[in-house]
Amino acid sequence: MRLVLASANPDKVVEIAAILGGFEVLPRPADLPDVEETGETLEDNARLKAAAVVAVTGQAAVADDTGLEVLALGGAPGVFSARYAGAGATYADNVAKLLAALDGEHDRRARFRTVAIALFPDGREVVAEGVVEGEITTERRGSGGFGYDPVFAPEGGHGRTFAQMTAAEKNALSHRGLAFRTLAEHLLAG
Ligand code: IMP
């Protein structure tokens, strides 16, 4: 089965291609403009991104959307995780804002949630979700991964942040790993 990836984020493409190893995975067409993530949910946004690729390529597409949900912040930044510190925010800006928002907060529970979608030209879609529970650390640790990885310590990670793990260790525990493994199972099951 041939799947075109909707993500142009090289950090994510490496992770996703490794998990979907049993499929023929094609990169996102270079001339496809960015899709505005105007949906109200992760699933809406994933579907928007996949639909844009299907429309241009006529082939099945795979897209995902991820949010970091912090309990003490009422689930924020959630669907706004990429632009938590404003439009054009860098990963570092977002992490700085998160640490400031949780300054002095004892309840640091958080979860990453990923929704992954495979959308076919005939309109059929397969949806899968992956969630990993964890905690926001009080300071950045580690240099691997991307995004909020330096301040997210997942359950089962022995106190390490995602940024302190190898890519394989992160994939084994992560929201995206779980979502794409589940998606692959659903796809293989037909
Ligand atoms: P996206 O919409 O799936 O690209 O994810 C939204 C934002 O969530 C990204 O800009 C990152 O800041 C963050 N994010 C997504 N996945 C991860 C991850 O695996 N680790 C850390 N941050 C992530």
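The values are calculated or read from the model by the stated rules, or taken from the named source; none is laboratory data. All of these numbers come straight from a predicted model, not from anything done at the bench. FYI the Cβ positions are ideal-geometry reconstructions off the backbone, even for glycines, and counts take in every protein chain you see. Areas reflect the complete protein model, heavy atoms only, side chains present, ligands, DNA and RNA absent. Shrake-Rupley method; radii C 1.70, N 1.55, O 1.52, S 1.80 Å.
Numerical summary
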| read-out | value |
| --- | --- |
| Relative contact order [Cα under 8 Å, 6+ residues apart], the range 24-170, whole percent | 18 percent |
| Sites Arg124 and Ala172, calculated FRET efficiency, Cβ-Cβ separation with R0 30 Å, nearest 0.05 | 0.50 |
| Nearest-20 debye value, the chain charge dipole, Cβ charges on Lys, Arg, Asp, Glu | 340 debye |
| Accessible carbon and sulfur surface of the range 8-156 relative to its total accessible area, %, 1.4 Å | 52 percent |
| Solvent-accessible area per residue for the chain (1.4 angstrom probe, square angstrom) | 48 Å² |
| Centroid-to-centroid separation of the range 62-116 and the range 38-60 [C-alpha atoms, Å] | 22 Å |
| Spin-label model distance (nm) - Glu155 vs Asp11, 7 Å beyond Cα toward Cβ | 2.4 nm |
| The chain - Kirkwood radius from inverse mean 1/r over Cα pairs (Å) | 16.9 Å |
| Kyte-Doolittle mean at least 0.5, axial Cα span of 30 Å or more - DSSP H helices of the chain | none |
| Within the range 54-88, backbone nitrogen closer than 14 Å to the virtual label 7 Å beyond the Cα of Asp31 toward Cβ | 56-58 |
